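Q: After the structure tokens below, expect a handful of questions from me.
The values are calculated or read from the model by the stated rules, or taken from the named source; none is laboratory data. None of the values given here were measured: they were computed from a predicted structure. Here the Cβ positions follow ideal geometry from the backbone for every residue, glycine too, while neighbour counts run over all protein chains shown. SASA here: full protein model, heavy atoms, side chains in, ligands and nucleic acids out. Shrake-Rupley method; radii C 1.70, N 1.55, O 1.52, S 1.80 Å.
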Amino acid sequence: AASISPAHTQPTVIIVRHAEKLDNSRDPVLSPAGEARAQRLMQMLASSGITTIYTTEFRRTELLAAPLARQLGLRPQVVPAADRAALLKKLAAHAPGETVLVVGHSNTVPAVLKGLGHGEAVHIDEAEFDNLFVLVPREGKSPVVLKLKY
């Protein structure tokens, strides 16, 4: 399993799951509730210093990130959902002190947190869309992970 370490060489990583989707098709757009959540995320993170946004190839992740990306003048980088190692490698290339956003899925967010050094198991229920994890590196120690709701 790929991971990056030590924690103090990592950027600060904010990780969220995509917002509410319109339906259960393979690649749905966001529902009105999901679109509202995307706006809340933009308002919440607009002044957080994010320099890079990563999404998966699915529209629901891209659409959640879109308002924030527009606000910050960033173009999200797409990393396939199934390629956790590639995402972790990209995150490892960021300098300490940078802040990046990762938009994933209920099954990828826990794996990314683990790959970044979070020791506690994380489960995201299929009906949960409001979790926001902030992974803050600490020199010589495991990162601090804040679990917030938005």
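Q: Checking a compactness column here: for the range 30-107, what do you get for Rg(Cα) / (2.2 N^0.38 Å), N being the number of residues?
A: Ratio of Rg to 2.2 N^0.38 Å for the range 30-107: 1.07.
Q: How high is the relative contact order of the chain, in percent, counting Cα pairs under 8 Å that sit 6 or more residues apart?
A: Taking the mean separation of contacting Cα pairs over the length of the chain, I get 37 percent.
Q: What size of dipole, in debye to the nearest 20, comes out for the range 88-150 about its Cα centre when the only charges are +1 on Lys and Arg C-beta atoms and -1 on Asp and Glu C-beta atoms?
A: It comes to approximately 300 debye.
Q: Under unit Cβ charges (Lys, Arg +1; Asp, Glu -1), what dipole magnitude, rounded to 20 debye, does the chain have relative to its Cα centre?
A: Charge dipole of the chain: 280 debye, to the nearest 20.
Q: When the chain is fully extended, how far beyond the present Cα-Cα distance does Leu146 get from Ser31, taking 0.36 nm per residue of separation?
A: 38.7 nm
Q: I would also like to ask the following. Run the helix sum for the chain: -39,500 (n - 2.57) per DSSP H stretch of 4+ residues, divided by residue count, reported at 222 nm to the nearest 500 deg cm²/dmol.
A: Result for the chain: -9000 deg cm²/dmol, rounded to the nearest 500.
Q: What does DSSP give for the chain in terms of the percent of beta bridges that are antiparallel, rounded to the nearest 5?
A: 50 percent
Q: Could you tell me which of rounded, prolate or oblate describes the chain, using a ≥ b ≥ c as the square roots of the eigenvalues of the alpha-carbon gyration tensor, with rounded for a/c under 1.5 and, failing that, prolate when a/b is larger than b/c and oblate otherwise?
A: prolate
Q: Once fully extended, how much extra length lies between Ala127 and Leu22, figured as 0.36 nm per residue of separation less the alpha-carbon to alpha-carbon distance?
A: The span from Ala127 to Leu22 would gain 36.5 nm if fully extended.
Q: Could you pull out every residue, at least 5 positions away or on a different chain, whose amide H is within less than 5 Å of the one on Val78? Hs are placed 1.01 Å off N in the peptide plane, and Pro or chain starts have none.
A: It is Thr55, by chain and number.
Q: Shifting gears a bit: If you build a Gaussian network model of the chain, linking Cα atoms that sit under 10 Å apart, which residue out of Ala86, Ala127, Ala19 swings the most?
A: Ala127
Q: For the chain, with all protein chains present and a 1.4 Å probe, just round the carbon and sulfur fraction of the accessible area to a whole percent.
A: Of all accessible area on the chain, carbon and sulfur atoms account for 52 percent.
Q: Please calculate how many Å² of accessible area the range 1-138 carries per residue, with a 1.4 Å probe and no DNA, RNA or ligand atoms counted.
A: 47 Å²
Q: Please report, in whole Å, how far the alpha carbons of the range 64-150 spread along each principal axis, starting with the longest.
A: Rounded to whole Å, the extents work out to 35, 34, 25 Å.
Q: Work from the charge dipole of the chain (Cβ charges, +1 for Lys and Arg, -1 for Asp and Glu, about the Cα centre) and give the residue of Ala121, Pro96, Ala36 farthest towards its positive end.
A: Pro96
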